[in-house]
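Colleague: The structure under discussion is supplied below as structure tokens; questions concerning it will follow.
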Amino acid sequence: MLEKLQIIKQRFDEVSDLIIQPDIISDQKRYIELNREYKDLRILMDKREEYIAFTNNLAEAEEIIADGSDPEMVEMAKMQYDEAKDGIPKLEEEIKLLLIPKDPEDAKNAVVELRAGTGGDEASIFAGDLFRMYTKYCEGRGWNVSTVDFSEGTNGGFKEIQFEVTGDDVYGTLKFEAGVHRVQRVPQTETQGRVHTSAATVMVFPEAEEFDVEIDPKDVRIDYFCSSGPGGQSVNTTYSAVRLTHIPTGLVAQCQDQKSQHKNKEKAFRVLRSRLYDLELAKKQEEDAAKRGSMVSSGDRSAKIRTYNYPQGRVTDHRIGLTLYDLQNIVNGDIQKIIDELQLAENTEKLKAGDDVI
């Protein structure tokens with residue numbers, strides 16, 4: 001393990017030197033890539049320090065126990081020995097997972113889109129519940145959530161809503177949420193007290209940097225229109241909302257969240273860029289998933305991934321067979337335990353597949 005960590009240290013020292021070079025700083029794409037690598041390697045360097053401390057403590061304890069001349073020191077050495085003996089295997093497992101090559105997309109911000117599916121008004125209400133769940137989760141992580149566009153449901157919630165999330169490792173965390181989410185409960189509009197099943201689709205795109213995707217302005221049709229929904233006097237009076245249509249692919253991105261036409265246009269371009277980037281990424285994800293037989297993050301947006309059953313107070317993630325009887329906390333944003341299990345399952349798959357580690 002120390003040999004592997006020494007190779008990592010050499011790369012860490014190399015990256016530390018590179019990110020202060022003027023020619024690297026002037027190359028935005030390279031500079032961002034190296035900064036992300038530096039951050040990941042820094043975590044491994046901290047683990048390396050811990051590992052060295054444990055191995056040194058173990059060797060020191062063995063020496064004192066073997067000497068045996070001071071009973072008090074021997075007693076303390078035995079405690080030190082046990083602590084190191086327990087700590088080393090756990091730390092090795094942590095390091096093994098950290099050594100799995102990271103998806104370079106994982107560090108990016110994300111664009112999330114929720115769409116009401118089958119179930120009429122209840123599906124829109126459920127999409128609104130999911131938006132609230134994700135907003136609370138993101139706020140708890142210290143991430144920033146910014147609405148891009150939305151279409152409200154007739155009885156509450158949203159027919160669809162799109163929002164950006166910015167922070168650390170956003171896409172790598174939220175990508176596990178992509179797919180069809182089902183809810184089983186008595187809808188507000190149900191008079192007979194029957195349980196209905198409704199659905200909403202969650203899509204998660206990595207937010208593309210400008211240098212990730214080049215958009216030819218000639219390929220984009222820009223339409224301006226009046227905003228709808230809450231927003232004060234400027235709504236329905238000024239053409240501040242922006243719709244972009246990418247002619248070669250037919251992809252559409254629009255934004256009406258800001259009062260400024262310029263800001264809406266900027267946001268819409270970010271979304272369009274991310275959608276185009278995601279087209280390529282989805283192909284790659286499907287290929288990778290087919291190679292590994294992965295059910296965790298296959299990029300298949302038609303896959304039913306999770307059920308929220310209100311009568312039984314349970315949430316089931318179908319990809320890993322995880323059932324939790326903690327529905328209220330989960331819909332209030334406490335989804336970290338589910339994401340942790342999904343990340344663990346994906347990392348285990350990668351290890352089994354024998355993906356190269358450094």
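The values are calculated or read from the model by the stated rules, or taken from the named source; none is laboratory data. As the structure is a prediction and not an experimental result, all values here were calculated from the model. In this analysis, Cβ positions are derived from the backbone assuming ideal geometry, glycine residues included, and neighbour counts consider all displayed protein chains.
Colleague: Determine if the range 170-178 includes at least one residue that is surrounded by fewer than 18 Cβ atoms within 10 Å (Cβ to Cβ) and either in contact (Cβ under 8 Å) with a residue 40 or more places away in the chain or closer than 22 Å to Leu342 by Cα (or both).
Modeller: No.
Colleague: Further question: It is to be established whether one or more residues within the range 157-164 are within 30 Å of Leu98 (Cα to Cα), loosely packed, with under 15 Cβ neighbours inside 10 Å and not aromatic (Phe, Trp, Tyr).
Modeller: Scanning the range 157-164 turns up no residue that is within 30 Å of Leu98 (Cα to Cα), loosely packed, with under 15 Cβ neighbours inside 10 Å and not aromatic (Phe, Trp, Tyr).
Colleague: With respect to the numbered conditions (1) in a strand (DSSP E or B); (2) farther than 28 Å from Gln336 by Cβ; (3) touching a residue at least 24 places away in the same chain (Cβ under 8 Å), which one is the sole condition not fulfilled by Val204?
Modeller: (2)
Colleague: What about Glu63, is it within 19 Å of Pro101 (Cβ to Cβ) and either acidic (Asp, Glu) or touching a residue at least 60 places away in the same chain (Cβ under 8 Å) (or both)?
Modeller: In short, no.
Colleague: Now a separate question. Return the residues of the range 1-59 that are basic (Lys, Arg) and farther than 15 Å from Gly87 by Cα; say none if nothing qualifies.
Modeller: Lys4, Lys9, Arg11, Lys29, Arg30, Arg36, Lys39, Arg42
Colleague: Confirm whether Gly87 is at pLDDT below 90 and either farther than 24 Å from Asp212 by Cβ or not small (Gly, Ala, Ser) (or both).
Modeller: no
Colleague: Taking the options Leu97, Leu114, name whichever one is among the aliphatic types (A, V, I, L, M) and touching a strand residue (DSSP E or B) at 6+ places or on another chain (Cβ under 6 Å).
Modeller: Just one listed residue meets the conditions, Leu114.
Colleague: Being touching a Phe, Trp or Tyr at 6+ places or on another chain (Cβ under 8 Å) and not polar (S, T, N, Q) is the filter here; which residues of the range 135-166 pass it?
Modeller: Residues satisfying the conditions are Val145, Val148, Phe150, Glu152, Gly157, Phe158, Glu160, Ile161, Phe163, Val165.
Colleague: Could you run through the range 1-35 and say how many residues are in a helix (DSSP H, G or I), touching a residue at least 40 places away in the same chain (Cβ under 8 Å) and of a type in the set (A, V, I, L, M, F, W, C)?
Modeller: Number satisfying all stated conditions: 5.
Colleague: Right, another one. Just name the residue that is surrounded by the most Cβ atoms within 10 Å (Cβ to Cβ) out of those in the range 11-36 that are of a type in the set (S, T, N, Q) and closer than 20 Å to Glu209 by Cβ.
Modeller: Looking at residues that are of a type in the set (S, T, N, Q) and closer than 20 Å to Glu209 by Cβ, I get Asn35.
Colleague: To continue, here is another question. Any residue that is in contact with a helix residue (DSSP H, G or I) (Cβ under 9 Å, 6 or more places away or on another chain) and not in a helix (DSSP H, G or I) - is there at least one of those in the range 37-59?
Modeller: Within the range 37-59 (the criterion being in contact with a helix residue (DSSP H, G or I) (Cβ under 9 Å, 6 or more places away or on another chain) and not in a helix (DSSP H, G or I)), the answer is no, since none of the residues qualifies.
Colleague: (1) among the charged types (D, E, K, R); (2) farther than 20 Å from Gly172 by Cβ; (3) exposed (fewer than 15 other Cβ atoms within 10 Å of the Cβ): which one isn't true of Lys39, the others all being true?
Modeller: Of the numbered conditions (1) among the charged types (D, E, K, R); (2) farther than 20 Å from Gly172 by Cβ; (3) exposed (fewer than 15 other Cβ atoms within 10 Å of the Cβ), the odd one out for Lys39 is (2).
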